[in-house]
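What follows is a set of notes on a single structure, which appears directly below.
The values are calculated or read from the model by the stated rules, or taken from the named source; none is laboratory data. Predicted, not measured: the structure shown is a model, and the values here were computed from it. Positions of Cβ are generated from backbone atoms using ideal geometry, with glycine treated the same way; all protein chains shown enter the neighbour counts. Ligands, DNA and RNA are stripped out before the accessible areas are found, and what is left, the full protein with its side chains, is counted by its heavy atoms. Shrake-Rupley method; radii C 1.70, N 1.55, O 1.52, S 1.80 Å.
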Amino acid sequence: MPRIAHTAAALALGALALTACSSTPPAATIGTDNVASVPEGGDADKPQLDFMKLFLKITDGCPALDGTKTGTPLGPSDVPTVPQGPSSKPTGTPGDRVPLPADPADPPAADDPVGPMPDGNLLEPVTLTKPETCYADKFAAHVTTALKDTGENAAEVRAALKRAGYPDERIVDMKPEGGSPRVRIDLREQDTRVALQVVHVGTSGTVVDKFGAQPTAPLKDVRYLPELAEPLS
């Protein structure tokens, strides 16, 4: 049974809230010229607790991964296809085969455990589903607003993102692009595989690209190459 993304996030949010040392004030309303932010300070669990609140707030209105939020089940086009290998089922009519006699000298081998996905596939970007694309678009707008009027400096970019509610461990430093700071933001929460690549060019604006990454892939190493685009101001 597939996990319910928003329900699971809400349950986890409640569990973390029990361990929080102090209550968290409600997040600010997201507007065109302001951004929902999270107050600094608190215990070690607070940044993740605040991020989960921010995640639920920003993605409100998007379809849930399993369709329960809208009451409409997702169709085949909402789920990325996985290439299937040749069928291992025997040919012939069911019931026309009998077990072969066991050979004591050659006992049947146990099924081999499924090995980890090869690095070559693990690091390839994945196609986002429609709900994931909705999440990514909303977060991209949130990040763009958060970096408005921020200087073209890596430390300033990270500080602005942290003020906007993104914990340090979700901000991945990348090599600068054309001298401009570049980071990736890990938004893989619950069942989502969403990530953002952000290039901040100071007063010229911010370029935010969305892509999908496998849940266990190190975000820094995912082989995502964005298309050329104009900065978003």
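Couple of notes before you dig in:
- Some residue of the range 140-156 being within 20 Å of the chain's Cα centre (by Cα) and free of Cβ contacts under 8 Å to residues at least 12 places away in the same chain: yes
- Ala160 free of Cβ contacts under 8 Å to residues at least 60 places away in the same chain, open to solvent by less than 30 Å² (accessible area, probe 1.4 Å) and not in a loop (DSSP other than H, G, I, E, B): yes
- Only a single item in (1) at positive phi; (2) not in a loop (DSSP other than H, G, I, E, B) is not met by Asp149, and it is number (2).
- A search for C-beta distances below 6 Å between a residue of the range 178-198 that is open to solvent by 30 Å² or more (accessible area, probe 1.4 Å) and any residue that is modelled with pLDDT of 95 or more and assigned to a loop (DSSP other than H, G, I, E, B), counting only pairs 6+ apart in sequence or on different chains, returns Arg193/Ala213.
- Failed item, numbered, when Phe139 is tested on (1) more than 16 Å from Asp209 (Cα to Cα); (2) at pLDDT 95 or above: (1)
- Odd one out for Gly120 among (1) more than 20 Å from Thr59 (Cα to Cα); (2) open to solvent by less than 50 Å² (accessible area, probe 1.4 Å); (3) under 20 Å from the mean Cα position of the chain (by Cα); (4) at pLDDT 90 or above: (4)
- The number of residues in the range 185-207 that are closer than 19 Å to Glu124 by Cα and in contact with a His (Cβ under 9 Å, 6 or more places away or on another chain) comes to 0.
- For first residues located in the range 207-218 and at positive phi and free of Cβ contacts under 8 Å to residues at least 12 places away in the same chain, partners that are crowded, with 21+ Cβ neighbours inside 10 Å and not polar (S, T, N, Q) and lie 6+ apart or on another chain with Cβ distances below 8 Å do not occur.
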